[in-house]
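Just below is one structure, and these are the notes that go with it.
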Amino acid sequence: MQVEIWSDVVCPWCAIGKRRFETALADFEHRDEVEVRYRSFELDPTTPRTVEGNATQRLADKYGVPLAQAEAMQQRVIEQAAGEGLDFRFDQARPGNTVDAHRLLHLAADRGRQAELKERLLLAYFTEGEPIGELDTLVRLAGQAGLDEAEARSVLESDKYLADVRDDQATARAFGISGVPFFVLDRKFGVSGAQPAEVLLSALRQAYAAAHPLSMVNDGDNGNACDDGSCAV
């Protein structure tokens with residue numbers, strides 16, 4: 001069973017949704033049969049590699065609201081994140097273009113370290129104030145997630161995996177995905193947003209049941225069984 005998660009590494013609800021999905025997966029009876037793959041989604045592909053100012057000011061500018069209102073909006077997200085054990089520090093977050101982070105996530109998938117790199121990138125951006133779009137930072141974070149730093153640098157200095165990122169984005173458009181996180185289960189079931197763990201667990205069970213229909217082994221012969229009131233007592 002495959003679960004694909006479209007998300008961005010600067011998306012707060014993606015980090016929250018990741019935690020909620022992990023909670024759901026831990027309670028799923030068939031969790032050992034689930035393959036999780038993170039797919040690329042850029043919230044703003046036009047963002048420069050390095051952005052001046054902090055995330056709060058950027059939010060205020062984006063929606064044309066006072067800085068205090070942007071801070072209040074972020075505070076609500078911070079509280080939601082805290083409920084999932086996450087420590088968001090928007091006051092020191094350093095935004096930037098995320099296409100290179102997504103390229104490294106494809107490399108990490110090929111090396112069996114995608115989950116580790118995804119977690120490292122989210123922590124770096126939301127808690128540690130790392131400049132998420134800068135090459136040297138990404139190389140260092142990749143190394144901390146278990147990747148070879150020389151290989152990571154080589155990837156970022158080329159256009160390797162860019163086509164994979166664009167393919168993920170094209171698939172998202174084909175599926176009608178316009179916001180993240182978005183969970184796709186076996187390419188049959190979709191869940192939009194950072195839903196509660198209970199909702200995600202229900203989706204896992206539904207997708208698993210659809211992939212494992214009950215098969216009869218006696219050709220429909222009910223044998224000795226009570227039905228249609230024949231065993232009324």
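Quick look at the values:
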| quantity | calculated |
| --- | --- |
| Test: residue in the stretch 172-190 that is closer than 16 Å to GLN2 by Cβ, part of a helix (DSSP H, G or I) and over 15 Å from the mean Cα position of the chain (by Cα) | yes |
| Residues within the stretch 120-172 that are out of contact with any helix residue (DSSP H, G or I) (no Cβ under 7 Å at 6 or more places or on another chain) and hydrophobic (A, V, I, L, M, F, W, C), tallied | 5 |
| The stretch 188-210 residues that are of a type in the set (Ser, Thr, Tyr), paired with ones that are surrounded by fewer than 15 Cβ atoms within 10 Å (Cβ to Cβ) and assigned to a strand (DSSP E or B) (beta carbon under 6 Å, 6 or more apart) | none |
| The stretch 50-105: number of residues that are aliphatic (A, V, I, L, M), touching a residue at least 40 places away in the same chain (Cβ under 8 Å) and farther than 17 Å from GLY133 by Cβ | 3 |
| Residue match in the stretch 11-33 (condition: modelled with pLDDT of 95 or more and more than 23 Å from LEU201 (Cβ to Cβ)) | no |
| Residue check, GLU79 over 16 Å from the mean Cα position of the chain (by Cα), part of a helix (DSSP H, G or I) and at negative phi | yes |
| Of all residues making up the stretch 117-156, the number that are crowded, with 18+ Cβ neighbours inside 10 Å, aliphatic (A, V, I, L, M) and in a helix (DSSP H, G or I) | 11 |
| Verdict on ASP159 being part of a helix (DSSP H, G or I) and among the acidic types (Asp, Glu) | no |
| Among the candidates VAL155, VAL180, residue that is out of contact with any Ser or Thr (no Cβ under 6 Å at 6 or more places or on another chain), at pLDDT 95 or above and closer than 30 Å to VAL139 by Cα | VAL155 |
| The stretch 22-76, residues that are assigned to a helix (DSSP H, G or I), β-branched (Val, Ile, Thr) and either touching a strand residue (DSSP E or B) at 6+ places or on another chain (Cβ under 7 Å) or closer than 16 Å to PHE126 by Cβ (or both) | THR56 |
| Residue ID - surrounded by the fewest Cβ atoms within 10 Å (Cβ to Cβ), chosen from residues in the stretch 199-219 that are modelled with pLDDT of 85 or more and hydroxyl-bearing (Ser, Thr, Tyr) | SER202 |
| Subset of the stretch 1-21 (residues that are touching a strand residue (DSSP E or B) at 6+ places or on another chain (Cβ under 9 Å) and not aliphatic (A, V, I, L, M)) | GLN2, GLU4, TRP6, SER7, ASP8, TRP13, CYS14, GLY17, LYS18, PHE21 |
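The values are calculated or read from the model by the stated rules, or taken from the named source; none is laboratory data. Computed from a predicted model, the values in this text were never measured in an experiment. Here Cβ is always computed from backbone atoms with ideal geometry, including for glycine, and neighbour counts include all displayed protein chains.
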